[in-house]
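Read the figures in this text as sums done on the coordinates, not as results from a lab. On a predicted model such as this, the values are computed, not experimentally measured, just so you know. For neighbour counting, all protein chains shown are included, and Cβ atoms are generated from backbone atoms with ideal geometry for every residue, glycine included.
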Amino acid sequence: MILMSHRRSQQLRRAGERASRGRRSPTLARRLPAVPPPRTTPTTARPVTLRQAPADPEGNSQPDVPQQHGLDWARRIELVAVVLGVLLSSLIAAVGIWYSNDQVSQEMGIAQQGQITDRYTKAVENLGDDAMDVRLGGIYALQRIMEDSSRDHPTVADVLATYVRTHANKPPKSGDGVPADLHAAVTILTHRDTTRDKAFYLDLRGTHLPGVELWPRRYSGQPADLSDAVLTGAKLRGAKLLHANLSGASLSGVELSGADLQSADLSEASLPSANLSGADLAGVDLTRANLLGAKLTRVNLSSADLTGAALVATDLSEAILADADLRGANMSGADLTGADLQGTDLTDTILADVDLTEANLYSDTKLPPHLARDPDIKARIAELEEKIAKDH
């Protein structure tokens with residue numbers, strides 16, 4: 001066999017030499033197979049693993065077949081790292097922007113407070129000027145500060161209230177009304193935003209503001225707000241306080257004669273010894289108000305709500321109480337001489353030591369049962385009814 005292999009090798013070598021010299025033997029060419037051209041293997045984009053095929057029914061193993069997977073673990077970790085990096089960078093950028101905005105806001109707030117302080121100082125200086133227009137400018141400048149800064153609202157309100165008490169501690173000259181600067185200050189105080197008051201309360205005790213006009217705002221209709229205000233001993237004769245809110249106000253000894261208080265809210269107000277003679281209180285709310293010893297002669301209280309009010313020893317002579325509600329009120333010792341009680345509701349009213357025979361009673365006056373049966377009361381009602389019939 002060695003000899004045969006050697007001979008075969010020599011034959012192949014000599015055939016190759018003849019082919020290289022271009023003298024290839026036709027016989028040998030037929031015997032030698034053609035050499036196929038080399039094949040190039042395409043480059044794959046993804047790694048390929050071989051999957052072991054299951055054995056056939058006879059137990060013979062099958063050749064391995066390629067199986068492609070998704071991203072390998074390294075690639076996945078790389079993508080997660082990239083995503084986390086982007087998120088972290090975004091978070092850092094957002095925190096930086098927030099911090100920058102916060103710094104800017106703080107700086108702007110400090111600058112704004114500095115401006116308000118300068119405005120406040122200048123406005124207070126103007127209050128002491130001799131010229132009326134300069135004082136008015138200072139008052140309106142303080143009003144603007146009240147509106148712009150809730151923090152400074154109570155302080156400014158207290159400054160304005162002190163200004164009114166200081167400059168209105170004496171009655172104006174005869175024939176003069178309330179000065180313009182005082183009127184402006186009171187108007188601002190009574191139309192302020194009370195939700196910003198904090199510990200501030202309006203104190204105008206002892207002030208002389210005769211004929212002051214505190215109308216509801218022209219456009220919003222907001223009435224003057226004097227709720228819980230201290231007006232003890234204030235002189236408000238002839239004041240215009242339509243629809244004003246005076247609930248819970250301290251009005252002891254106040255002078256309100258001839259004042260216009262139509263539809264005002266005086267619920268739970270304290271008015272002992274107050275003078276409201278000749279005032280117009282039509283439709284006013286005086287529920288649970290204290291009118292002990294008050295002077296209400298010739299006052300118009302038609303359709304007023306006086307339920308639960310204290311009217312002990314109150315002077316109501318010649319007062320108009322038509323259609324007023326006095327249920328539950330205490331009128332012990334009250335003077336009702338000449339008072340008009342047409343349609344007045346006096347059921348459950350305490351009327352101890354009250355002489356109703358001097359009042360103007362009518363058949364529609366609602367009286368407590370024991371008084372409605374009183375012969376003198378019946379005679380008084382009949383007398384007035386007959387007089388009305390004759391007049392007509």
Tell me, His370, His183 in order of fewest to most beta-carbon neighbours within 10 Å?
-> His370, His183
Given a cut-off of 30 Å, name the pairs among Lys198/Lys295; Lys366/Lys387; Lys173/Lys198; Lys173/Lys295; Lys122/Lys240 whose C-alpha atoms lie farther apart than that in the structure shown.
-> Lys198/Lys295; Lys173/Lys198; Lys122/Lys240
Additional length obtainable on full extension of the chain from Glu78 to His167, 0.36 nm per residue less Cα span | 23.9 nm
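Using packing as a proxy for protection, rank 295-307, 120-132 so that the peptide with the highest average count of other Cβ atoms within 10 Å comes first.
Values: 295-307: 23.2, 120-132: 13.5.
Those peptides, ordered most packed to least, come out 295-307, 120-132.
Add +1 for every Lys or Arg and -1 for every Asp or Glu among the other residues with Cβ under 15 Å from the Cβ of Arg165, and state the total. Intermediate results must be reported in sequence, preceding the final value.
On the way: positive: Lys170, Arg205, Lys235; negative: Asp158, Asp181, Asp203.
Charge balance in the 15 Å sphere: 0.
Which length gain, in nm to one decimal place, applies between Arg144 and Val124 when the Cα-Cα distance is subtracted from 0.36 nm times their residue separation?
On the way: separation 20, 0.36 × 20 = 7.20 nm, distance 1.29 nm.
Length gained, Arg144 through Val124: 5.9 nm.
What per residue convex hull volume, in Å³, comes out for segment 137-283 when only alpha-carbon positions are used?
Numbers: hull volume 16.1 nm³, N = 147.
Once divided by residue count, the hull of segment 137-283 is 109 Å³.
What order do you get for 173-180, 84-91, 339-346 when each peptide is scored by the mean count of other beta carbon atoms within 10 Å, highest first?
Numbers: 173-180: 11.6, 84-91: 10.0, 339-346: 23.0.
With the highest mean Cβ count within 10 Å placed first, the list reads 339-346, 173-180, 84-91.
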Taking only C-alpha pairs under 8 Å that are 6+ residues apart, what is the relative contact order of segment 218-336 in percent?
-> 17
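Just to confirm a number: summing +1 for Lys and Arg and -1 for Asp and Glu over residues other than Asn245 whose beta-carbon lies under 13 angstrom from that of Asn245, what do you get? Present the calculation step by step, with values, prior to reporting the outcome.
Working: positive: Arg192, Arg217; negative: Asp225, Asp228, Asp265, Glu268, Asp285.
Counting the neighbours of Asn245, the net charge comes to -3.
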Grab the eigenvalues of the alpha-carbon gyration tensor for segment 113-199, scale each by 5, take roots, and send me the semi-axes largest first in whole angstrom.
-> 23, 15, 10
